Amino acid sequence: MKSVDRTPTRPSPHAPSLRSLLLAALLLAALLLAASRDASAADADIPTITVIGNRQQQSRIAGSATVIDAEAIQAARAFNVNEVLRKAPGLFPREEEGFGLRPNIGIRGLNPTRSSKVLLLEDGIPLAYSPYGDNASYYHPAIERFSGLEVLKGSAQIAFGPHTVGGVVNYLTPNPGEQLSATLRAAAGNAGYRQLYGEVSNSSGRAGRRTGLLLQGVHKRSEGALDNTGFEVDDLNLKVVQQLGERQGLTLKLSRYDEDSQVPYSGLTLAEYRSNPRSNPFVNDTFTARRDGQSLVYHLELGPALRLDTALYRSEFRRDWWRQSSNSGQRPNDASDPRCGGMANLLSTCGNEGRLRDYLVLGLEPRLQFDHGLGTLRAGLRRQQEQQRRLQVNADTPTGRTPGSSVNGGLVENNDRDTDAFAWFVEQSIELGRLTLTPGLRHEDIDYARYNRLNGARGSTTLRETLAGLGANWRFDGGLVLFAGLHEGFSPPRVEDIISNSTGASVELAAEKSLNSELGLRYRDGSQLSLEAALFRMDFANQIVPASVAGGLGATLTAAGETLHAGAELLVDWQYDRDFARSGVNPYLNLSWTWVRDARYLGARRSVLDPRVNVSGNRLPYTPEHTLSLTAGVALLGGLRAQLELFHVDSMVTDDLNTRALTASGQRGQLPAYQLYNLSLNYALPGRDLTVFLAGKNLGDALYAVDASRGLIPGMQRTWQAGLEWRY
């Protein structure tokens, strides 16, 4: 792929008319679709690339699997995606800015920073802007436009990749409805929260040639959890489904995400946190992002038992983060910024840094499924190219957006980083009565290239890996399934970690490799009770971790060597729902619990902070031992639905020395455990298409620190939102 030059200074990528365009598009779609309101129903089964599928398929998956549907998301009136992810056992979504814009998802004790150990998909297509070359999440779609999500762990995840050490999260967007429908939702709350959501959907045409259309738009804004911050997001999604006969069809998706935020990169020192935990001295830090995504999936039934789905996709992500420091240890001072003179001059003579990033991803992925007498064969190929264009611009003034002339000013980074990946997988389930065995193989072939435009250094290298997995299911009578799995985990290094910036030479930082195993039970009793319990163990031959903290002291990724993760997880979902029409009351309960008993260094491992200390046996940073999500609610026939949620997170260490007391920088020390209580009320007005809702988050207004990697960062304060939802 050819590099595209970008000057260090450019106007904001956000089109000021995006919101009006979004609303106009929704109105236009409604007018166009109204003409076909009486069209006959579209086929109910629209092909979608999933990682779990329906309940029957879930019972045969060789691994733990969780599905969270639209009803659970809507009932909670989720403020951000973290609330939803907590409902899946094994997942720990650590907060950052309080708005859920950049979730930090950890799985089974893996470091959650930037969700770099997780494979994120949307409708089965890679969501991250550079899964092979820089799998970090600085962007996340609005949770409002998803109809559900799937979480897959265990040996079954080798069918996806490239990251197979933790798990797969696949977000599902709704399909076009059978007839004209529309949704309009408006909400407001404290901290300047505003939300507007619109959706129009319809299908029309004759049998075998139907066209379905779905258009969604989200606008959200808030002042966040800190002083002097603000967030504004617009998210637009268009899905078109076109039948091309009885056996084939196309699904086209177009999406646009825009974010314009005033948000700091740094946290607070201990003294600042104790004085005012929600203060933000970095008032000139800004973050802007735009993502444009396109995908085309061709669905073809080659026979009654043979199906081919071929996805062609492209995404372009542009991110600018202007900030006055990178962490509490790099505060403005004479050494890092000669014209500054320290924090006292932060808003006058201190400069700032612009981290400007452009990413382009192109991919082609055909996937084949063949159901035969022995079981099901699944196989697929992937060709994916990724381009990174990275600049760092140092400006002389707090609000400068052009290269400065000071000692450390100017253009200090100008890098091209590319990956070209080819992968294949094959997985065969073998039905032997009650027993299903599922062996599988995955191969990854990745070419890396890096070009430093400042000194002319070039380098390239190649990484190849073949992974194996084996899963097993035993189905008992009465809906009980015993499952087990063993697979090799793999996570490729970033381009910057495997090729030197100064010389272009290869760097000896190997990929992450692990041997993952699990044993579990899955049970479903009709529509009332579902349960899943699992024991897990992940033995890493080499785990890549931040040396100490993200973006600060020791930020360079290092090979931690041998590590061990082991524990248990439990999911219980129950609802009464017996003769609801007569009793008029349906209580329900959902529990998700994760116990990461072990998350520790093994073998000879010296601390990055103090090489004299052997940290073997110490706990890995940001791995709470227990996390719990408990939801209890009741639905009444009169239209009222009320639920209360409890989230619990155990205490966490933040460095390899497992330092207990918080240090003056705010970047080391144990973060205390915390509990959050949420409430949601939904009332559907009888005889009308209108729902009134009220939601309160962190009802006790608990003050809790969620991160210390760049200084102390507090979680979201108590927030309220109320709104109306109209459905047609």
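Normalising the average separation of contacting C-alpha pairs (under 8 angstrom, six or more residues apart) by the number of residues puts the relative contact order of region 153-224 at 26 percent. Within a straight-line Cα-Cα reach of under 18 Å, LYS153 can be paired with the following lysines, leaving aside sequence neighbours fewer than 8 residues apart in one chain: LYS87, LYS117, LYS513.
Taken about its Cα centre, region 141-273 carries a charge dipole of roughly 840 debye when the Cβ of each Lys and Arg holds +1 and the Cβ of each Asp and Glu holds -1. Phi-derived couplings, Karplus 6.51 cos²θ - 1.76 cosθ + 1.60 at θ = phi - 60°, listed residue by residue for region 147-161: 9, x, 8, 10, 10, 10, 10, x, 5, 5, 6, 5, 6, 10, x Hz, with x used for Gly and Pro.
Listed options for percent of Cα pairs over 51 Å apart are (i) 9; (ii) 56; (iii) 14. The value calculated from this structure is the one marked (i). Under a Cβ-Cβ cut-off of 9 Å, what is the net charge of the residues other than LEU564 that fall near it, where Lys and Arg count +1 and Asp and Glu count -1? Computed value for this residue: -1.
Here the Karplus curve 6.51 cos²θ - 1.76 cosθ + 1.60, taken at θ = phi - 60°, turns the phi angles of region 587-592 into couplings of x, 8, 8, 9, 10, 10 Hz, with x standing for Gly and Pro. Across region 713-728, rounded Karplus estimates of 3J(HN,Hα) from the backbone phi angles (6.51 cos²θ - 1.76 cosθ + 1.60, θ = phi - 60°) give 10, x, x, 5, 6, 4, 10, 10, 9, 9, x, 10, 10, 10, 10, 10 Hz, Gly and Pro being marked x. Take every pair of alpha-carbon atoms less than 8 Å apart whose residues are at least six positions apart; their mean separation over the length of the chain yields a relative contact order of 12 percent.
Here LYS253 is the anchor, and the lysines within straight C-alpha reach of less than 24 Å, apart from those fewer than 8 places off in the same chain, are LYS220, LYS239.
Close amide-amide hydrogen proximity is noted between SER279 and ASP227, each under 5 Å apart and 5 or more residues distant or on a separate chain (H modeled in the peptide plane; Pro and chain starts excluded).
Per-residue packing, averaged as other Cβ atoms within 10 Å, sorts the ranges 366-372, 279-285 into the order 279-285, 366-372, beginning with the highest. Distance from the alpha carbon centroid of region 576-634 to that of region 107-185 works out to 20 angstrom.
Using helices alone, I'd like the mean residue ellipticity at 222 nm for the chain: each DSSP H run of four-plus residues gives -39500 (n - 2.57), total over residue count, nearest 500. Computed ellipticity for the chain at 222 nm equals -1500 deg cm²/dmol. Ordering THR376, GLN388, ALA423 by Cα displacement along the dipole of region 334-458 toward the positive end leaves GLN388 in first place; charges were set at the Cβ atoms of Lys, Arg (+1) and Asp, Glu (-1).
A short reminder: the numbers here are calculations on the coordinates, not readings from a lab. Keep in mind that what you see is a predicted model, and the values were worked out from it rather than measured. Don't worry about glycine lacking a Cβ; one is built from the backbone with ideal geometry, like all the others, and counts go over all protein chains shown.
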